[in-house]
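This report refers to the structure that appears directly beneath it.
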Amino acid sequence: MSEAVDEMIADVVDGGEVRNHLGLIAAMTREFTATRDADVMAKTGLERITKYVGAEASSLFLIDDNGKELVCSACSGPVDITGLRIPADAGIVGRVYNERSGQMVRDVTKDADFGAMVDEQTGFTTKSILCAPLSLGDECLGCIEIINKNTGDGLFEADDLTLLETLAGAATLAIHNFRLTQQVVAQERERHELELAAQIQRQLLPPAGGPEFPVHGINMAARSVSGDFYDILPLADGRIWFNVGDVSGKGMNAALLMAKTSSLFRCLAKATDSPGRLFDAINSELCETGTHGMFVTMAGGLFDPATGKILMANAGHEPPLLLDGYGEQFTFFEAEAPPLGIMAGIAGPEGYPSQEIDLNGGSFYIFTDGLTEATTFGGGMLGIDGARALIREHAEESPDLQLNSITGAVRLPGQSLRDDLTMLIIQDSGTAEEKAAAAAPAPVSDDVVSGQILRIRVPAKANRLKVIRAGTEQAAAFCEADEAWTVDLVMAVDEACQNVIRHAYVGWDEPGDIVVDFIRDRDRLIVHLMDFADPVDQSKIKSRDLDEVRPGGLGVHLIKSVTDEAIFVDPPEGVGNLFKLTKRL
Amino acid sequence: MSLEITEKDGATIVALAGDVDLQTSPAVRQGLLECLETHDQVVVDMSQVNYIDSSGVASLVEAFQVSRKKGSFFALAHVSTAAMRVLSLARLDKVFSIHESTEDALAANG
C-alpha cells in the first residue's frame, strides 16, 4: 500500500494534477486504518503530507487532557520538536486551534502571533506557515502545521491550504478511530484482569471436605469478583476454624479487601485458639492500613466435632441460625460487636466478645445478606423468615445438597444475583441418645386473647410521635408486657412511623394521616401502620445501619432487631401502604 | 426537649432533657455541633433523656465523628436503660465513650 501512495505522490508532484488529491486521501485513509501504532501512523502520515504539499517541515499538535496545552506528538523535517508543549492560546497553532479554521501565514514576519522562540532554540528559520485544525464536530483534537514551501519563493499559496484542510480531515478521523480502538482494547484488558482476579479469588476459598466432614460452604458472586468469603481450616487436633464474611460495597475494591481479610484470618488463626482475640487482631490490622470507608462483617470461630460445641465471635454480621436436631426450633445469635475495620482498639484484653454454642445434634447456618435479601420467584425479598423456611424445608438433605438447594431457590433463571451470596453449614452428628435427650420444644399456649386493642389516627407529623409512643405504651400495658418488651415495641413503632413521616408524603402541601392499629393475635401483638400516600418502592428500603458508622439509616435495623417480623403487606382498598410489625409477647 | 450548656472544670456539659426524636433531634444536632466548634471537651448528660430514636442517635454519631476529626473529647454520661438499648442495638455502645456520671466522664479524659 505504501508503494501505491508513493507512486501517487510522485505522480501528483510530477503531473501537478489536483484530481489526484482524492485518490491520495483514500489511499492514506486506508493506510491509517491498517496501522495500530499511533506514533508510526502520525509520523508516516505527516511525511506523506509534507512531501505531497512540497514543504520543508511539518508537525502534528494534539491538545492535552486538560485542554490547556498543545503538545507536538509527531513531526517531520530537519528539527525534531516532538514533545514540545505550547499554551493552547499561543502562537499561530493556538490561534487555529481556538478559531477552528485553517489559516495561511504567507510571511511569518508580518504576523504578530508568530512566536520566534522555537526558531531561536533550534536554529531553524520559519518563513511561511500553513496550519489546519483537526476538527471533529464541536471538538478540536489539535492542528497540523506545515512550514516553508520547497518551491518558488518558499511561501504558500491558497490552494495549499485547501489541500491541507482536506488531509487534516482524514487525519482527524484516523486519530479518532485510533482512540476508540484504544478504549475498546483497554476495556477488554480490564475484563480479562477482572476474570483473573475472580479466578484467584475462587482459589482463596477452601477445598470441599468429604461428605463426612462436618463443615461445608458455598460462595456465589453477583459479579465476576465477590465481596463475600468463607473459610474452613481444620486443625491437627480435630477442631475446625470457620468463618463467613461480607465486605461492604462491591467490585474490585471490595474484592481486594475480602482477599486481605480472608488471608489475615487464615494466617492469624494459626497463632491463637481464641476467636475473640483473632477478631481483635484482624480488626487492628485492617484499621492500621485503612479501608477507605469500607468495612467487613464477619462471624467465625472454632468448632469442636468431639463436643459439638462452637466458640464464635460475631462482628456485625447477620445473625447465624441454629436449627435443633429435630429440625424444628431455630435459635439465632445476634452480633455482639461492630464490624471489622471501622475503629481499632474497641475490644478489651480478651478481644471481641465470643459466645459458646452447643449444637446438640443440630445444624448451624451462617450466611450473608445475599441470602436474606435475595429476590424470590414471587418477586419479593426472601427475608429472614423466608430463609428459615428454606433451611427447614431442606434440613433433611446432605449439607452440600442443602447449600445447592437453598442457593438454587434464590437464583432466578436468566438473572444474575443481586448481591454476593455465601453460606456455611456446620453439622453436629450428635448421638441418637443425645438427640433424644434434647429438650422438647415448649408447646404454644392457647390461653390467650385476640382482637383489636387500639387505633391511633393522626397527621403524619413529627410532633405527633410523642402521642403515638404514649399510645403504644398503653397497648403494651394492656397486653401485660414487661418494661423491656415495651421499650422495644415503642422504638419499633416510632421508627416505623418516622419513615412514614419522612418519606410517605414528600411533595404534599400538607401531610396526610397515619393510622396505627394495635391488634392482639393470641401470643403476639401485631401493629399495622397505614398511610394514604403512593406505594413505596420496597427495594429502596434497606437496613443499612452497619454499612458504615455515619448518621442515618439506623431505623430499619432497629425495627428488625426488636420485632419478630416487619414487612410490607398488600394494603386494603384506599390505603397507600401497610407496614406490619409482629412481636411475640 | 431542652438543651442546657454549662461549664465545669474547663469542660462543657450539655444536659439534654426530654425526648430526642425526629422532631427534636435537629436542635440537638445543631447544639452539639456548635458546642464542638468552640469547645474541645464535651460531655453529654443524658440523665433526663427518656427516649432517643435513630435520628437522635445519628446526631450523637455525627458529633462523635466531628470530635474525632478535631481530636476533641466527646463522651456520654448517665445514659438511661432505654437509651442504652438503642445504642447497643445499633452496636454503638462500644463506639461511644459512655460513663455513669459527668464526673466519671471528665475523670476518664483526665
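The values are calculated or read from the model by the stated rules, or taken from the named source; none is laboratory data. None of the values given here were measured: they were computed from a predicted structure. Using ideal geometry, Cβ is built from the backbone for each residue, glycine included, and neighbour counts are taken over all protein chains shown. Accessible surface is based on the protein model in full, side chains and every heavy atom, while ligands, DNA and RNA are left aside. Shrake-Rupley method; radii C 1.70, N 1.55, O 1.52, S 1.80 Å.
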message: Relative to 2.2 N^0.38 Å, what does the C-alpha radius of gyration of region A:2-182 come to as a ratio? Two decimals please.
response: 0.97
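Quantify how strongly other chains surround peptide B:88-96 by giving the mean number of their Cβ atoms within 10 Å of each of its Cβ atoms.
Averaged over the peptide's residues, the number is 6.
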query: Rounded to the nearest 0.05, what FRET efficiency is calculated for A:HIS176 and A:VAL506 with R0 set to 56 Å and r the Cβ-Cβ distance?
result: 0.80
field: Sequence of A:ASP570, B:ASP53, A:ASP369, A:ASP482 from largest to smallest accessible area, 1.4 Å probe
entry: A:ASP570, A:ASP482, A:ASP369, B:ASP53
task: Mind pulling the angle between the C-alpha long axis of helix A:399-409 and the longest principal axis of chain A? Nearest 10 degrees, somewhere in 0 to 90.
output: 70
Between helix A:38-53 and chain A: long-axis angle, C-alpha atoms, 0 to 90°, nearest 10: 20
- request: Kindly report the accessible area of region B:2-109 per residue (heavy atoms of protein chains, probe 1.4 Å, no ligands, DNA or RNA), in Å².
  value: 42
query: With helices defined as uninterrupted DSSP H runs, which ones in chain B have an alpha carbon span along their own long axis of at least 18 Å and mean Kyte-Doolittle hydropathy of at least -1.0?
result: B:25-38, B:54-70
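Please find the FRET efficiency linking A:THR582 to A:VAL184, where r is the Cβ-Cβ separation and R0 is fixed at 41 Å, and quote it to the nearest 0.05.
0.15
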- line: Between the Cα axis of helix A:251-269 and the main Cα principal axis of chain A, the angle (0 to 90°, nearest 10) is 50
statement: Expressed as a whole number, the average count of other chain Cβ atoms within 10 Å around the Cβ atoms of B:54-61 is 6
message: For the pair A:LEU196/A:ALA236, report the inter-label distance in nm, with labels modelled 7 Å from Cα in the Cβ direction.
response: 3.7
- line: Amide H contacts under 5 Å for A:PHE568, restricted to residues at least 5 apart in sequence or on another chain and with H modeled in the peptide plane, are A:LYS580
- line: Taking r as the C-beta separation of B:SER97 and A:ILE567 and R0 as 30 Å, the FRET efficiency to the nearest 0.05 is 0.20
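Want the number for A:ARG411 to A:GLU396: 0.36 nm per residue separation, take away the alpha-carbon distance, what's left?
So the chain would gain 3.3 nm between A:ARG411 and A:GLU396.
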message: With the crude spin-label approximation of a point 7 Å out along Cα→Cβ, what separation in nm comes out for B:THR6 versus B:LYS70?
response: 2.2
- prompt: Which percent of the accessible area of chain A is formed by carbon and sulfur heavy atoms (probe 1.4 angstrom)?
  reply: 51
statement: Scaled by the rule-of-thumb 2.2 N^0.38 Å, the alpha carbon Rg for region A:239-379 gives a ratio of 1.07
task: Taking every pair of Cα atoms in chain A, average 1/r, invert it to obtain the Kirkwood radius, and report Rg/Rh to two decimals.
output: 1.21
query: Which pairs, out of A:LYS68/A:LYS250; A:LYS68/B:LYS69; A:LYS466/A:LYS583; A:LYS461/B:LYS69; A:LYS250/A:LYS580; A:LYS466/B:LYS8, put more than 28 Å between their alpha-carbon atoms?
result: A:LYS68/A:LYS250; A:LYS68/B:LYS69; A:LYS461/B:LYS69; A:LYS250/A:LYS580; A:LYS466/B:LYS8
- prompt: Which value, in square angstrom to the nearest 100, describes the accessible area buried between chains A and B on both sides, using a 1.4 angstrom probe?
  reply: 2400
- request: Rounding to the nearest 20 debye, state how big the charge dipole of region A:228-362 is about its Cα centre with +1 on each Lys and Arg Cβ and -1 on each Asp and Glu Cβ.
  value: 480
query: How high is the relative contact order of chain B, given as a whole-number percent (alpha carbon pairs under 8 Å, six or more residues apart)?
result: 25
